[in-house]
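Here the structure is laid out as structure tokens; the discussion comes afterwards.
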Amino acid sequence: MTLPESENWIATHGLSRRAALAGALAASAYAAAAQPVASTAITTPSDGLDAGMIRFPASAGLLMNAYRARPAGKRNLGTILVVQEVFGLHAWIQDICRRLARAGYYAIAPDLYQRQGDATKAPDMKTLFTTIVSQVPDAQVMADLDAAAAFAARDGGSDRRLAITGFCWGGRITWLYAAHNPKLRAGVAWYGRLTGQANPLQPANAIDLVARIDVPVLGLYGTRDRGIPVADVEAMNTALKTAGKPSSIRLFEADHGFLADYRPSYSEPASREAWAAALAWFATHLK
């Protein structure tokens with residue numbers, strides 16, 4: 001949605017200038033490639049929170065952009081790294097941080113594509129994948145998440161109660177980071193890819209790393225996900241159980257992206273149940 005250019009447009013639609021501008025700015029805060037924004041989009045208020053964009057020192061001397069939300073005036077909070085979906089650090093990921101902060105956590109979402117480009121400005125999925133997403137090395141992401149965790153521990157979070165959650169692209173990263181960081185206490189992976197074609201920048205799939213995933217990870221997947229077959233989910237679950245790992249995977253009658261309330265894939269029943277399961281998982285493992 002673009003900003004209206006005339007008073008006639010506003011008058012015709014029965015909106016005040018303030019309401020029209022607010023609606024347009026809210027829509028524009030979502031990634032361009034994710035438009036249009038559905039009417040089901042949720043906006044979590046920030047009252048009582050310290051929430052907004054910050055910068056922190058990441059690997060290779062980069063000052064990395066991030067969105068941080070935490071209960072105002074609180075310290076030593078359980079920390080949750082929030083890993084963006086494929087569309088980058090846009091309005092929905094920021095809202096997820098506020099939801100977690102309202103649950104009592106320090107939530108931080110670093111812009112993990114920052115070196116490659118601004119994913120929120122990519123006009124379509126093809127451009128987004130070819131120019132940004134496919135160019136992001138897993139090793140770079142692991143280092144940047146380590147830096148985000150270190151910053152959070154100095155900024156009111158806790159390095160002893162650290163968790164991670166991620167969505168879509170970030171769901172895969174959640175599994176990888178669980179294998180990478182032994183200090184992690186828990187993870188929740190939302191519909192992240194488990195198998196696929198490896199390449200020099202992304203050399204391993206989640207299912208290849210089961211032996212190294214000692215962190216309890218809760219996987220949340222949809223039975224109607226056309227990009228992640230149920231067979232892949234079942235194979236991952238079997239591998240985890242066979243290896244005696246403390247992780248678990250749940251399937252919901254839903255499509256890929258079922259938590260993303262701003263998209264047509266949103267499923268209110270599945271998202272409600274899955275979100276409750278995620279919060280219970282964190283409450284159990286971040287005591």
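When 131, 120, 127 are screened for being out of contact with any Gly (no Cβ under 7 Å at 6 or more places or on another chain) and in the same structural domain as residue 174 (by TED's automatic domain parsing), only 127 passes.
Residue count for the stretch 225-267 satisfying the condition of being hydrophobic (A, V, I, L, M, F, W, C) and over 21 Å from the mean Cα position of the chain (by Cα): 6. Would you be able to tell me the number of residues in the stretch 267-287 that are surrounded by 14 or more Cβ atoms within 10 Å (Cβ to Cβ) and among the polar types (S, T, N, Q)? Residues meeting the conditions: 2.
Selection of the stretch 25-74 for residues being buried (at least 20 other Cβ atoms within 10 Å of the Cβ), part of a loop (DSSP other than H, G, I, E, B) and either at positive phi or touching a Cys at 6+ places or on another chain (Cβ under 9 Å) (or both) yields an empty set.
All of (1) in contact with a Pro (Cβ under 6 Å, 6 or more places away or on another chain); (2) among the aliphatic types (A, V, I, L, M); (3) without any contact (Cβ under 8 Å) to a residue 24 or more places away in the chain hold for residue 139 with one exception: (1). Taken over the stretch 141-166, residues that are of a type in the set (D, E, K, R) and closer than 15 Å to residue 187 by Cα amount to 4.
Within the stretch 224-238, not a single residue is farther than 20 Å from residue 277 by Cα, touching a helix residue (DSSP H, G or I) at 6+ places or on another chain (Cβ under 6 Å), touching a residue at least 12 places away in the same chain (Cβ under 8 Å) and not acidic (Asp, Glu). Kindly evaluate residue 247 against the criterion of being touching a helix residue (DSSP H, G or I) at 6+ places or on another chain (Cβ under 7 Å), of a type in the set (Ser, Thr, Tyr) and modelled with pLDDT of 95 or more. So residue 247 passes the test.
Among the residues examined, residue 258 does not qualify as in contact (Cβ under 8 Å) with a residue 40 or more places away in the chain and closer than 17 Å to residue 163 by Cβ. Within the stretch 106-122, the set of residues being among the hydrophobic types (A, V, I, L, M, F, W, C) and assigned to a loop (DSSP other than H, G, I, E, B) comprises 112, 122.
Consider the stretch 93-105 and keep the residues that are touching a residue at least 60 places away in the same chain (Cβ under 8 Å) and either in contact with an Asp or Glu (Cβ under 8 Å, 6 or more places away or on another chain) or assigned to a loop (DSSP other than H, G, I, E, B) (or both). The one that is nearest to residue 29 (Cα to Cα) is 93. If you go through the stretch 75-92 and keep only what is assigned to a strand (DSSP E or B) and surrounded by 24 or more Cβ atoms within 10 Å (Cβ to Cβ), you end up with 79, 80, 81, 82, 83. Residue 80 falls short on exactly one of the conditions (1) without any contact (Cβ under 8 Å) to a residue 60 or more places away in the chain; (2) touching a Phe, Trp or Tyr at 6+ places or on another chain (Cβ under 7 Å), and that condition is (1).
The values are calculated or read from the model by the stated rules, or taken from the named source; none is laboratory data. Note that the coordinates shown come from a computational prediction; the quantities given were computed from them, not determined experimentally. When we count neighbours, we look across all protein chains shown, and the Cβ atoms used for this are built from the backbone with ideal geometry, even at glycine.
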